[in-house]
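Let me begin by presenting the structure, written as structure tokens, before commenting on it.
Just so you know, all these numbers are worked out from the coordinates, no wet-lab data involved. Remember, it's a predicted structure, so these values are computed and weren't measured experimentally. Here the Cβ positions follow ideal geometry from the backbone for every residue, glycine too, while neighbour counts run over all protein chains shown.
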Amino acid sequence: MSDATDTPAPQGKDPDELPEVEDSDIEKAAQETPRGLPLRVQGLEKRFGGITAVDGVSFEVEEGSLTGLIGPNGAGKSTTFNCITGVHDADGGAVLFQGEDITGLKPYEIANRGLVRTFQIARELEEMTVLENMMLSPRGQRGEKLVNAVTPGLRDDVVAQETDLREEVWETLEFFEIDHLAEEYAGNLSGGQRKLLELARALMVDPDMLLLDEPFAGVNPSLEEKLLDRIHDLREQGYTFLLVEHDMDLIMENCERVIVMHQGKLLAEGSPEDIKNNEQVIEAYLGEDV
Amino acid sequence: MSVAQRAWGAVPDSVKESDRQLIAGVLLFTYLLYILAQTFLAIANNAAILPAVANSLQNITFLIAVYAIMALALNLHWGYTGLFNIGIAGFMAVGVYSMSILAAPATGSPPGLGLPIPVAVVGAVAITALVGGIAALPALQLDADYLAIVTVGFSEIIRLVLNASYFAGTVQDPEASGYNVVDIFGIQFGTGGGQGINTPTSSPADFLYSTTSLGDLLYGPSGDPNALGSAVYAAAESVGVNSSVVNGATYSFFLLLVVVTLYYVLLVRIGNSPFGRVLKAIREDELVAQSLGKDTRWFKVKVFMVGCALMGLGGILWQGSFGFVNPNTFRPIVTFYIFTALIVGGAGSNTGSVIGGAVFAAFLFEGPRQLARIVEVLVTSVFGSLPSPTTFYAAVVSLNPLAWLGYTIDNVSTLKFVFLGAVLVYLMQNRSDGLLGHRKEIAASIDLSDRTPRKRESAAADGGESDE
């Protein structure tokens with residue numbers, strides 16, 4: 001499982017897993033994707049009945065960057081997220097992660113390639129403790145095989161691995177300053193604490209890139225600051241972030257690249273300065289001061 | 001409830017914390033009550049005390065054991081993974097019938113495959129797992145409520161197929177009009193249809209007390225006691241306990257002490273592991289588990305098959321131990337009994353499953369009957385014989401409280417369903433977690449809160465021990 005984090009050659013992929021896009025296009029896109037662009041979205045389309053939620057969106061995320069995806073309500077940000085992470089099947093276009101086509105893969109396959117998401121409304125596993133939530137994430141756990149979990153001799157390896165993971169979990173909890181909640185049920189946490197836990201839990205998957213869906217929604221200012229500090233710390237460690245956010249100021253202050261969506265289409269892409277001065281963006285937000 | 005709460009409060013915390021002590025305590029309490037009740041009844045009826053108590057204990061032990069076994073198996077599906085399987089009776093039927101058909105002699109009516117009994121049991125468990133897997137593949141794609149409908153439908157289909165005369169195997173002359181032997185590539189067998197089918201043994205304890213050769217072990221003992229059997233029967237006889245009670249008690253305690261323990265250990269191991277953690281995550285929020293890289297569908301298929309195998313084996317040890325079953329044994333009510341046992345004990349807790357099985361069997365299932373017997377003895381000793389009206393109407397219009405009581409006692413086995421329903425409603429409203437569902441049973445093979453000191457410099461000062 002752990003070798004899923006490496007980047008296998010695209011031609012080594014099982015042809016059955018490929019989505020219904022022209023093979024030559026994927027090949028081309030894969031070759032064109034520079035190493036510095038872990039995530040590349042090409043002409044993504046998603047329709048619900050007659051409504052086109054995402055209409056030919058293309059963008060790239062640079063390695064090690066903190067990229068913000070903004071847009072008014074109904075712009076298709078969350079749908080884009082869901083298409084990237086396999087929750088929805090895209091109706092068209094392609095998603096490339098580290099030069100590999102991941103369009104149409106199942107959510108767990110995408111997570112196992114190192115692209116991990118959080119949810120807009122924090123989805124904690126409520127009747128599991130914070131520790132259990134955290135221990136769930138790591139990839140390649142031997143004890144996830146039933147035989148290893150129950151067979152006396154094999155279980156020793158499981159115990160050893162879990163002991164190592166436990167240390168990592170406690171360190172991560174300390175990093176997020178929620179170690180005092182470790183034995184609490186996740187359902188008893190406050191909204192902000194849940195957001196911290198969700199990010200911590202996603203981190204335990206050992207991802208290369210994190211997709212955060214409105215990580216600051218419903219978080220009080222002091223926790224928001226803490227969460228932002230952590231995101232900046234992690235970025236310095238080399239993680240790549242793409243985050244969807246409503247709060248314009250927050251995005252403008254913290255992200256070095258901003259992608260703006262409007263009515264399912266990509267409206268603008270560039271540095272916060274460019275976006276602030278972009279006429280179309282200002283119009284989309286109906287004269288809102290950006 | 002206040003009395004019960006006070007009693008619960010009087011139990012030392014150390015007992016409440018230790019699962020083994022808690023289970024032992026509940027069993028001890030149950031046995032004590034039953035011994036007292038049976039002693040009282042024996043004295044009142046001028047019967048010998050010891051045989052009556054022994055018989056009652058072996059009976060209640062059997063019920064406790066089988067409900068604990070089934071509740072544990074269901075806990076894996078429903079308590080841990082949130083799979084709302086209400087087809088338990090069907091999977092039990094698959095287990096019992098598979099074993100019976102595999103073990104029945106080829107010359108019997110209905111004919112079978114004539115395999116040795118141990119092979120038949122293992123084969124039947126494998127078949128149940130396979131049938132569970134086949135049922136799971138389409139059903140597990142569905143949401144919880146649809147899974148429930150599919151499984152209960154599946155269970156009824158199995159029962160009705162077993163009931164059908166087409167596969168009964170009772171008319172073995174191929175020329176006869178009602179020929180109904182199932183013939184697959186020359187292998188002939190039948191289900192017995194509505195008449196039911198013989199299971200290999202009606203007295204499983206014979207394997208211990210009557211086995212004298214390997215053949216006995218493979219194809220069922222003849223019934224003549226071996227040296228151990230003779231000694232035990234003689235010892236029991238000397239205190240007035242007959243051999244059938246000895247056999248029953250032996251098998252019941254084997255189920256309770258060996259089988260329940262094995263199920264418990266297996267399920268605790270499954271639950272307290274990374275595998276169990278994924279199961280819990282599926283129960284809580286399947287999409288989250290997927291987003292963290294878990295192939296949840298494969299986990300669900302696996303756990304469904306394992307649970308079904310445990311249900312099949314439970315069915316074999318329970319319904320397969322009487323020497324005979326028919327399809328009516330596997331009505332959906334059996335499924336609901338098992339659900340009640342698990343709800344009482346607390347879904348999600350393996351210890352709770354065992355305790356739920358014990359409490360359900362001793363106090364909800366068997367309790368009302370015993371209570372009615374005691375009340376009857378007490379009341380008749382005061383008022384003489386009780387009137388026993390034949391209908392509810394006759395009882396009500398008589399305006400005689402003794403007639404009401406008499407009617408209640410006469411019909412207690414039916415009225416216990418009302419009692420069961422009332423208990424369930426009370427539990428749902430006041431204690432929906434059951435007796436132990438509120439407890440944290442952490443899904444990990446190690447104590448997660450015990451922080452290893454290896455990477456922490458302050459650990460030496462804390463006095464923590466190294467785990468390597």
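Three principal axis extents, largest first, for the C-alpha atoms of the range B:240-289, in Å?
62, 15, 9
Which distance in Å, rounded to a whole number, links the C-alpha centroids of the range B:34-54 and the range B:334-385?
Using only Cα atoms, the two centres lie 19 Å from each other.
Among all helices in chain B defined by DSSP H, which have a length of 24 Å or more along the axis from Cα atoms plus a Kyte-Doolittle mean of at least -0.5?
Passing helices, by number: B:19-44, B:49-74, B:117-139, B:144-163, B:296-318, B:412-430.
For the range B:18-365, what is the charge dipole size about the Cα centre, in debye to the nearest 20, if Lys and Arg each add +1 at the Cβ and Asp and Glu each add -1 at the Cβ? Don't skip to the end; give the middle numbers.
Details: 11 positive and 15 negative charges, 166 e Å.
Here the range B:18-365 has a charge dipole of around 800 debye.
Using only Cα atoms, locate the centre of the range B:136-207 and the centre of the range A:211-290, then give the distance between them in Å, rounded to an integer.
Value for the Cα centre distance between the two parts: 62 Å.
Sort A:Thr103, B:Thr107, B:Thr39 so that the residue with the fewest other Cβ atoms within 10 Å of its own Cβ comes first and the one with the most comes last. List each step's numbers first, then the result.
On the way: A:Thr103 25, B:Thr107 9, B:Thr39 15.
Result, fewest neighbours first: B:Thr107, B:Thr39, A:Thr103.
Just going by the charge dipole of the protein assembly as shown, with Lys and Arg at +1 and Asp and Glu at -1 on Cβ, which of A:Val54, B:Phe322, B:Leu435 is farthest out on the positive end?
Highest projection toward the positive end goes to B:Phe322.
Treating only the Cβ of Lys, Arg, Asp and Glu as charged (+1, +1, -1, -1), what charge dipole size does the protein assembly as shown show about its Cα centre? Round to the nearest 20 debye.
4240
Counting alpha carbon pairs within less than 8 Å and at least 6 residues apart, what relative contact order, in whole percent, applies to the range A:131-290? Don't jump to the answer; show the numbers that get you there.
Values: 150 pairs, mean separation 25.9, N = 160.
It comes to 16 percent, rounded to a whole number.
Of the candidates A:Asp157, A:Asp179, A:Asp91, which one comes out as most mobile in a Gaussian network treatment of chain A with C-alpha springs shorter than 10 Å?
Result for chain A, Cα springs under 10 Å: A:Asp157 fluctuates most.
Rounded to the nearest 500, what is the protein assembly as shown's calculated 222 nm mean residue ellipticity when only DSSP H runs of at least 4 contribute -39500 (n - 2.57) each, over all residues? The partial results should precede the final answer.
Working: 33 runs with 398 residues, N = 758.
The per-residue figure over the protein assembly as shown is -16500 deg cm²/dmol.
Quick one: among A:Ile178, A:Ile110, A:Ile70, which has the greatest mean-square fluctuation in a GNM of chain A with alpha-carbon springs under 10 angstrom?
A:Ile178
Can you give the log10 of the normalised intensity I(q)/I(0) at q = 0.07, 0.10 Å⁻¹, computed with Debye over equal Cα scatterers of chain B?
The calculated log intensity ratios at q = 0.07, 0.10 Å⁻¹ are -0.44, -0.88.
Under a 10 Å cutoff between Cα atoms, tell me which one of A:Val258, A:Val159, A:Val41 has the largest fluctuation in the Gaussian network model of chain A.
A:Val159
Tell me the relative contact order for chain B as a rounded percent, counting alpha carbon contacts under 8 Å between residues six or more apart. Before the final figure, lay out the partial values.
Numbers: 729 pairs, mean separation 109.9, N = 468.
This gives 23 percent for chain B.
Express in % the proportion of alpha carbon pairs of the protein assembly as shown at distances exceeding 52 Å.
Working: 80269 of 286903 pairs.
Counting every Cα pair in the protein assembly as shown, those more than 52 Å apart make up 28 percent.
Work the Kirkwood hydrodynamic radius out for chain A: mean of 1/r over every pair of different alpha-carbon atoms, inverted, in Å.
Numbers: mean 1/r = 0.0499 Å⁻¹.
After inverting the pairwise mean of 1/r, the radius is 20.1 Å.
Which of the listed residues, B:Ile270, B:Asn46, B:Leu36, is farthest toward the dipole's positive end in the range B:18-365, when Lys, Arg count +1 and Asp, Glu count -1 at the beta-carbon?
B:Ile270
Quick check on the exposure proxy: order B:Ile117, B:Ile282, B:Ile184, B:Ile157 from fewest to most C-beta atoms within 10 angstrom. Display every interim value, and only then the final one.
On the way: B:Ile117 19, B:Ile282 24, B:Ile184 7, B:Ile157 13.
Sorted ascending by nearby Cβ count, the order is B:Ile184, B:Ile157, B:Ile117, B:Ile282.
Under 8 Å for C-alpha pairs, at least 6 residues apart: give me the relative contact order for the range B:172-310, rounded to a whole percent. Intermediate results must be reported in sequence, preceding the final value.
Details: 78 pairs, mean separation 15.4, N = 139.
Normalised by residue count, the contact order of the range B:172-310 is 11 percent.
Positive end of the dipole of chain B, charges at C-beta (+1 Lys, Arg; -1 Asp, Glu), about the Cα centre: which of B:Thr81, B:Ile127, B:Ile158 has its Cα farthest in that direction?
Value computed over the given set: B:Thr81.
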